[in-house]
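Worksheet: one structure, shown below.
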Amino acid sequence: MAAQSAHRPSPEEEAPTSASLSLLSIPGDTPEDADTFWLREVYQGDRLPQLTLRAVLLGGGIGAITCATNLYSGLKLAVVFPIAITAALLAHTAHGALRRLAPGVSGAPLSPLETCCAQAVASSAGYATGGALVSVQGAWLLTTGRHPPGWALLAWTLLLSALGVFFAVPLKRRLIDHEQLPFATGTAAAATIRALHTPGTGLRSGSRMLGLGGLVAGLVTLAREGLGRIPYLFPFPGSLGGLPLERLGFGLETSLLPVGGGALLGLRLTTSWMLGALLIHGLVAPRVFAAGLVPADGDFLAWSLWPGAAALTTASLLHFALEGHVLGRALRGLRSGGARAPHAVDALQVPGRWVLAGVAVLTPAILAVAHAGFGVPVPHAALAVALSFVLCLIACRVTGETDATPVGPLQQVTQLTFGALLPRNVEANLATAGITVNSASAAADLLSDLKTGHLLGAHPRRLFLAQLLGCVVGAAAVVPLFFLLVPDRTALGGERFPAPAAAMTAGMAQVLSTGLGSLEPSHRAALLWAALLAGVLTLAERLLPERARRWVPSPLGMGLACLVPASTALGFFLGALAAAVARRARPSAEGGVVTLAAGLIAGEGLVGVAIVLSQALW
């Protein structure tokens, strides 16, 4: 899935360098030694407040905001951005402002564990609930022309995200406590929370940059989409291959969402994205129009979707297959789990009976919703749940080691599996893919929050409850918002919501249901060439010497260029370039760059959502 195939920022990119943890791992020669040290030296759950009402309310409010911004950016750009650091900053800043305005009401400053708890609620709401809406449910709407019943989509989103929380529980002890996998985003969030509660770290400036970015992006979005005072695009003059550059999509967008996203995604990915845009929109598009493969007034993106989908799918699955050592460790970890002698730390963990009871309740409920709301046969829905648990093992380990959740490959594995089992059932193909996307990706992403809590000494059981509360908040916020932003099929595919991830998912489901023979010859040729190029680039990334790898274009970036206009690719590239220049000129500005970028994303997302809602309601 394009929406989450993109690179996630490393800790150095996402957190200020000055906010380093004094403890990045728990020392100990054996798992028992590490448990003993953690319980004696790190654990703070009985000494500091954690799962308090104010932490849950703060996290819930921030989670509702991140649901809106991630849904907006996912529908617009096919990219969902990490919010762990932003959530921690927002919780700390919001409560600090409340203390200044109403000191008698807000009480003492948040403890580090309360900030961690608020961040866990917000992350759960923002990550666990919206991924499948951007791709799978958007594809459902494009394919069937209708939404599923509202009750079904709400129950679907809540149940699957909660299942992901339960799936993460048995993996936490092994992957985080004992193997101590990095989970770089979780480590970065822990470093930031520690710094927020350490005087003199300079993170106040980061909060100010977050607000500045949000204000600027919000005002620009209001002027463009609310008041109509500025255009969405300033087209470039000139022509290429006999076609105006404006017709080919080259111009400067006034949207600041890609600029902020580029600053977070990094220069290599966005440079590859820009290179792909020059190739597909500058070289291929004029030839496609000249050959009459797309009418003069037709939509080139509807044609380029196919090579883009082929490139992203090939690169994701090949990369996934090349991670054989990771897959082996995941399966070995499953076989060897639970062989340890009990330790005092085990009393703080989520009890196994909770997990069994949760899965026992959620699984039949998911099967019932899948059958009644989405028309999936019960045996196939049960297989999808079982497959999602196996893929969850892989996703959690890949996220822990690489900090990139392989949502795209997980979805494609499920689509390929059920394309073979139910070859002509597009709806079942999409619904089963949604089971995998929601549950497995939620488990992997939420383990990063558990890593944050582990490094800060949080009570594991309270973090688990915070994540479940976040699922409720996220589902309650994001599903009605999805219906309001996308009331019918006509809302997708336009300038406001191009929905490239949904289009790609729908296209793959249709191909699996009818076969490649149903495609036009030009589509088949483009698909095969794109798959070949993506395969070559993916192998080059893995096999070339380290010095040469940095010059290999990212196949993910090249594939994403086929799904969005060239102007959007330029926005991402300019954002990454500006961030790289700022980092080189002033390394101490790292935290400000990241929070400014997060502010640009949040500001445009919130104001854009508000404008769409106001236009829909009034």
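The values are calculated or read from the model by the stated rules, or taken from the named source; none is laboratory data. Since the structure is predicted, the reported quantities are computational estimates derived from the model, not experimental observations. Here Cβ is always computed from backbone atoms with ideal geometry, including for glycine, and neighbour counts include all displayed protein chains. Calculation scope for accessible area: heavy atoms of the full protein, side chains included, ligands and nucleic acids excluded. Shrake-Rupley method; radii C 1.70, N 1.55, O 1.52, S 1.80 Å.
Annotations
- Spin-label pair Leu539-Thr198: with each label point 7 Å from Cα along the Cα-Cβ axis, the two points sit 4.7 nm from one another.
- In loop segments of region 204-291 as defined by DSSP, the trypsin sites (Lys or Arg not before Pro) with at most 12 further C-beta atoms inside 10 Å of their C-beta are Arg229.
- The largest-to-smallest principal axis extents of the Cα set in region 537-578 are 33, 24, 8 Å.
- FRET efficiency for the Ser614 to Ala344 pair, using the beta carbon distance and R₀ = 56 Å, is estimated at 0.55.
- Cα-only Debye scattering, region 382-493: base-10 log of I(q)/I(0) at q = 0.22 Å⁻¹: -1.20
- For region 419-462, projected area of the alpha-carbon convex hull averaged over all directions, nm²: 4.0 nm²
- Between 0 and 90°, nearest 10: helix 460-485 axis offset from the chain longest Cα axis: 30 degrees
- Integer Hz, Karplus 6.51/-1.76/1.60 couplings in order for region 365-382, x for Gly and Pro: 5, 5, 4, 5, 5, 4, 6, 6, x, 10, x, 8, x, 4, x, 6, 5, 5
- Put the Cα centre of region 280-313 next to the Cα centre of region 544-618 and the gap is 24 Å.
- Taking the C-alpha atoms only, the angle from helix 150-172 to the longest principal axis of the chain is near 50 degrees.
- When only the Cβ of Lys, Arg, Asp and Glu is charged (+1, +1, -1, -1), the dipole of region 421-576 relative to its Cα centre reaches about 360 debye.
- Set the Cα radius of gyration of region 447-545 against 2.2 N^0.38 Å, with N its number of residues, and you get 1.70.
- Translational D in µm²/s for region 28-92 (Stokes-Einstein at 20 °C, 1.002 mPa s, Kirkwood Rh from C-alpha pairs): 145 µm²/s
- Among the chymotrypsin sites (Phe, Trp or Tyr not before Pro) in region 509-605, those located in a DSSP loop and surrounded by at most 13 other Cβ atoms within 10 Å of their own Cβ are Trp551.
- Förster radius 60 Å - calculated FRET efficiency between Ala525 and Leu484 (Cβ-Cβ, nearest 0.05): 0.90
- For region 492-509, 3J(HN,Hα) per residue [Karplus equation, 6.51 cos²θ - 1.76 cosθ + 1.60, θ = phi - 60°, Hz, x = Gly/Pro]: 9, x, x, 5, 5, 10, x, 6, x, 5, 5, 5, 5, 5, 5, x, 5, 5
- Overall Cα dimensions of region 495-614, principal axis frame, Å, largest first: 54, 53, 20
- Inter-site label distance for Leu57 and Leu243 at 7 Å from Cα along Cβ, in nm: 5.5 nm
- Average Cα contact separation per residue, the chain, under 8 Å, 6 or more apart, as relative contact order %: 35 percent
- Close amide-amide hydrogen proximity is noted between Ser239 and Leu245, each under 5 Å apart and 5 or more residues distant or on a separate chain (H modeled in the peptide plane; Pro and chain starts excluded).
- For region 235-261 versus region 468-495, the spacing of their alpha-carbon centroids is 29 Å.
- With the gyration tensor restricted to C-alpha atoms of region 175-264, the semi-axes of the equivalent ellipsoid amount to 41, 21, 10 Å, longest first.
- The tail of the calculated P(r) for the chain beyond 47 Å holds 10 percent of all Cα-Cα pairs.
- Where the chain is the region considered: accessible area per residue in Å², 1.4 Å probe: 38 Å²
- Estimated 222 nm signal from helices in the chain, with DSSP H stretches of n ≥ 4 weighted -39500 (n - 2.57), rounded to 500: -22500 deg cm²/dmol
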